[in-house]
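The values are calculated or read from the model by the stated rules, or taken from the named source; none is laboratory data. Just so we're clear, the structure is a prediction, and the values are computed from it rather than from any experiment. All Cβ positions, even for glycine, are placed from backbone atoms using ideal geometry, and neighbour counts span all protein chains on display.
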Ligand code: DX5
Ligand code: ZN
């Protein structure tokens, strides 16, 4: 799933209509989405509340592409498995919230799914170095998590570049992909891809586009 070298685009269903998830996810699949990005928020780690395992289970039944499940929760060690059982293909949890990141990564991998760790904009990238060799994805947040439609935080480009340089130095760049989440559009997407990112989450830019196929293509061909 993570081998192709082109940019992968993961539209965030946070920007879909909750009353019409089935219709909306089908539309972005037809427009060329690679993965569905599913933002789980617990109202505690972030000041917003979204979906839980039951929705993911239903999405899994109808989705034709993998589910990239981003859990913004205070207790990932306790709840991660329920998202895998519900159907996550890639599970991304926050390093700031994990009690024992290494153990959690191993437990997720033992379930046969891909694993990623997310870092908030203020979290030093060094905090992921120790576990990086165990990961498929490192997700750098380019907004403070909690809501769609926020503006891209500028220093995210430098953070992507620094992380990419470190992965290259450790010969991990072909194994671990950098995913960027928040405020991605054609312009910010281009800058993070040039800096070394290869998975782009895009909520507003894709879901609110008049021509979703065009929007996804713009990002895929950066
Ligand atoms: C923010 C979420 C993002 C968000 C992206 O907490 O993790 O995935 O939905 O939405 P846009 O692309 O609108 O910033
Ligand atoms: Zn997200």
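If you take the residues in region 186-222 that are assigned to a loop (DSSP other than H, G, I, E, B) and closer than 20 Å to residue 119 by Cα, which one is farthest from ligand 2 (Cβ to nearest atom)?
Result: 196.
Looking for whichever is within 16 Å of ligand 2 (Cβ to nearest atom) and either closer than 25 Å to residue 161 by Cα or buried (at least 19 other Cβ atoms within 10 Å of the Cβ) (or both) here; the options are 86, 97, 101. Which one fits?
Exactly one residue qualifies, and that residue is 97.
Sort through 16, 27 and tell me the only one that's in contact (Cβ under 8 Å) with a residue 12 or more places away in the chain, out of contact with any strand residue (DSSP E or B) (no Cβ under 8 Å at 6 or more places or on another chain) and within 15 Å of ligand 2 (Cβ to nearest atom).
16
Working only within region 66-101, note down all residues that are closer than 16 Å to residue 55 by Cα, within 16 Å of ligand 1 (Cβ to nearest atom) and assigned to a helix (DSSP H, G or I).
Of everything in region 66-101, just one residue is closer than 16 Å to residue 55 by Cα, within 16 Å of ligand 1 (Cβ to nearest atom) and assigned to a helix (DSSP H, G or I), namely 83.
Residues are listed down the side, and each one gets a yes or a no for (1) more than 21 Å from residue 77 (Cβ to Cβ); (2) out of contact with any strand residue (DSSP E or B) (no Cβ under 6 Å at 6 or more places or on another chain); (3) away from ligand 1 (no atom under 16 Å from the Cβ); (4) touching a residue at least 40 places away in the same chain (Cβ under 8 Å):
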residue	(1), (2), (3), (4)
118	no, no, no, yes
123	no, yes, no, no
139	no, no, no, yes
152	yes, yes, no, no
167	yes, yes, yes, no
180	yes, no, no, yes
192	yes, no, no, yes
197	yes, no, no, yes
200	yes, no, no, yes
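Scanning region 3-13 for residues that are crowded, with 17+ Cβ neighbours inside 10 Å and not in a helix (DSSP H, G or I), which turns out nearest to ligand 2 (Cβ to nearest atom)?
Once the filter is applied, the top-ranked residue is 12.
Could you please give the count of residues in region 30-49 that are away from ligand 2 (no atom under 11 Å from the Cβ), more than 14 Å from the chain's Cα centre (by Cα) and buried (at least 18 other Cβ atoms within 10 Å of the Cβ)?
Result for region 30-49: 4.
Looking at residue 176 and the list (1) farther than 23 Å from residue 217 by Cα; (2) buried (at least 18 other Cβ atoms within 10 Å of the Cβ); (3) within 16 Å of ligand 1 (Cβ to nearest atom), which single condition is not satisfied?
The one condition residue 176 does not meet is (3).
Are there any pairs, at least 6 apart or on different chains, whose C-beta atoms fall under 9 Å, with the first in region 211-222 and under 11 Å from residue 34 (Cα atoms) and the second modelled with pLDDT under 95 and assigned to a loop (DSSP other than H, G, I, E, B), and if so, which?
Sorted first by the residue in region 211-222, then by its partner, the pairs are 220/6.
Could you figure out which of (1) within 15 Å of ligand 2 (Cβ to nearest atom); (2) in contact with a helix residue (DSSP H, G or I) (Cβ under 9 Å, 6 or more places away or on another chain); (3) within 23 Å of residue 172 (Cα to Cα) isn't true of residue 131?
Against the list (1) within 15 Å of ligand 2 (Cβ to nearest atom); (2) in contact with a helix residue (DSSP H, G or I) (Cβ under 9 Å, 6 or more places away or on another chain); (3) within 23 Å of residue 172 (Cα to Cα), residue 131 comes up short only on (1).
Going by the structure shown, is residue 90 touching a strand residue (DSSP E or B) at 6+ places or on another chain (Cβ under 9 Å), within 26 Å of residue 189 (Cα to Cα) and modelled with pLDDT under 95?
no
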